[in-house]
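One structure below.
The values are calculated or read from the model by the stated rules, or taken from the named source; none is laboratory data. All values derive from a computational prediction rather than experimental measurement. When we count neighbours, we look across all protein chains shown, and the Cβ atoms used for this are built from the backbone with ideal geometry, even at glycine.
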Amino acid sequence: MAEKKKSLKINNNASWPSSVEEGELAIDLYETKDSLVLQAVIGGMKADDLDISITNDMITIRGERQREESGQIDKFYYDECFWGAFSRSLVLPQEVDADKAKATIKNGLLTIVLPKLEKTKKKTLQIEEK
C-alpha cells in the first residue's frame with residue numbers, strides 16, 4: 001500500500017494561543033552519532049495540529065488535542081486522557097542545525113531529527129608583538 005507523506009511545519013516564528021492550563025508534552029530525547037532525536041506520543045493528532053519552533057539550542061512543540069464528541073455523554077467511568085492545549089520547550093544539550101531539522105508522524109509517534117552542528121575546530125591565535 002502506498003504511504004502518503006505529509007510534511008510537518010517547522011518554523012522559527014511560532015505564535016500559538018496560550019492558555020493558563022496547558023498540559024506538558026512527555027518526550028524522549030536521545031543522541032545518535034550525527035543527530036539529536038526527539039520523540040513524543042501524540043495519538044489522535046495530525047501534522048496541522050502541531051507547531052514546532054527550533055533555534056540552534058532550543059525546541060518548542062505546541063498543539064491542542066480535541067476530544068471528538070460522539071453524542072451526549074451522560075457519565076464518565078474513566079476520564080484520564082489529556083484534552084486541550086499543551087506545550088513543551090527545552091534547551092537542547094548541544095547546538096543543532098535548525099534549518100536541516102526534519103519531523104515526521106507515524107502511528108501516533110512524532111519524531112524530530114535535529115542534526116548536530118559541527119563543533120568549531122580549535123584555532124590558535126597568533127600574538128603580534130609591537
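Structural remarks
- Selection of segment 38-80 for residues being among the polar types (S, T, N, Q) and closer than 28 Å to L90 by Cβ yields Q39, S53, T55, N56, T60, Q66.
- Taking each residue of segment 81-103 that is within 21 Å of K119 (Cβ to Cβ) and looking for partners that are crowded, with 17+ Cβ neighbours inside 10 Å and small (G, A, S) with beta-carbon atoms closer than 8 Å, six or more apart or interchain, yields V96/S35.
- The residues of segment 31-90 that are under 21 Å from K106 (Cβ atoms), surrounded by fewer than 17 Cβ atoms within 10 Å (Cβ to Cβ), of a type in the set (G, A, S) and in contact with a strand residue (DSSP E or B) (Cβ under 8 Å, 6 or more places away or on another chain), listed by number, are G44, A47.
- Strands (runs of 3 or more DSSP E) fully within segment 35-130 counting 2 or more residues that are small (G, A, S) and at pLDDT 90 or above: 35-41, 84-91
- Residue within segment 70-80 that is touching a residue at least 12 places away in the same chain (Cβ under 8 Å) and more than 17 Å from I27 (Cβ to Cβ) present: no
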